[in-house]
1. Any residue at all in the stretch 45-66 that's in a helix (DSSP H, G or I) and among the aromatic types (Phe, Trp, Tyr)?
2. Please verify whether Glu48 is closer than 24 Å to Arg74 by Cβ and either open to solvent by 100 Å² or more (accessible area, probe 1.4 Å) or of a type in the set (D, E, K, R) (or both), treating the condition exactly as stated.
3. Within the stretch 67-84, which residues are open to solvent by 60 Å² or more (accessible area, probe 1.4 Å) and more than 22 Å from Asp45 (Cα to Cα)?
4. Can you give me the number of residues within the stretch 20-40 that are open to solvent by 80 Å² or more (accessible area, probe 1.4 Å) and closer than 15 Å to Glu8 by Cα?
5. Those residues that are exposed (fewer than 12 other Cβ atoms within 10 Å of the Cβ) and either at positive phi or under 24 Å from the mean Cα position of the chain (by Cα) (or both), I need them from the stretch 53-66; list them, please.
6. Taking the conditions exactly as written (under 30 Å from Asp72 (Cβ atoms) and touching a Phe, Trp or Tyr at 6+ places or on another chain (Cβ under 9 Å)), does Ile31 satisfy them or not?
7. Which condition breaks for Tyr87 when tested against (1) over 15 Å from the mean Cα position of the chain (by Cα); (2) assigned to a loop (DSSP other than H, G, I, E, B); (3) surrounded by 10 or more Cβ atoms within 10 Å (Cβ to Cβ)?
8. For Glu42, which of the numbered conditions (1) free of Cβ contacts under 8 Å to residues at least 12 places away in the same chain; (2) acidic (Asp, Glu); (3) under 22 Å from Asn95 (Cα atoms) fails to hold?
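The values are calculated or read from the model by the stated rules, or taken from the named source; none is laboratory data. Nothing here was measured: the structure is a model prediction, and the numbers come from that model. Cβ placement follows ideal geometry from the backbone for every residue including glycine, while neighbour counts extend to all protein chains displayed. Side chains are part of the model used for accessible areas, which takes the heavy atoms of the whole protein and leaves out ligands, DNA and RNA. Shrake-Rupley method; radii C 1.70, N 1.55, O 1.52, S 1.80 Å.
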Amino acid sequence: MEQITYKEFRNFLDSDVDEAEYFGYSKEDLISLKERLEGLRERFDICESRIEKDREKIKRAYSDISDISYSDYRKTLTFDIGKSSYYLKKDEKKNI
């Protein structure tokens, strides 16, 4: 789907038709919100499983760390220590 303006989006929301009819798409090409959310959950679970072993090693070595999370989208690894959070961000240019 191409990018549309806010005004066009509002017009769609104000209409009485679904996105396939409004934008002229085949209903076979659309996915439901449930399917999209399930896909996002699957990606989240993949990201979590990638760091599970490392997360446990770090938590054993540094007892002050209360949580560790990874964001594939932002390419960040976040450490929660007490009331503070620290993060590492992947540098695509340096590949670190």
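1. Of the stretch 45-66, the ones in a helix (DSSP H, G or I) are 45-61.
Then drop every residue that is not among the aromatic types (Phe, Trp, Tyr), which leaves none.
No, the conditions are met nowhere in the stretch 45-66.
2. Values: closer than 24 Å to Arg74 by Cβ: yes; either open to solvent by 100 Å² or more (accessible area, probe 1.4 Å) or of a type in the set (D, E, K, R) (or both): yes.
In short, yes.
3. Matches in the stretch 67-84: Ile81, Gly82, Lys83.
4. Number of matching residues: 1.
5. Across the stretch 53-66, the qualifying residues are Lys53, Glu56.
6. On the way: under 30 Å from Asp72 (Cβ atoms): yes; touching a Phe, Trp or Tyr at 6+ places or on another chain (Cβ under 9 Å): no.
The answer is no for Ile31.
7. Going through the list (1) over 15 Å from the mean Cα position of the chain (by Cα); (2) assigned to a loop (DSSP other than H, G, I, E, B); (3) surrounded by 10 or more Cβ atoms within 10 Å (Cβ to Cβ), Tyr87 breaks only (2).
8. Just one mismatch for Glu42, condition (3).
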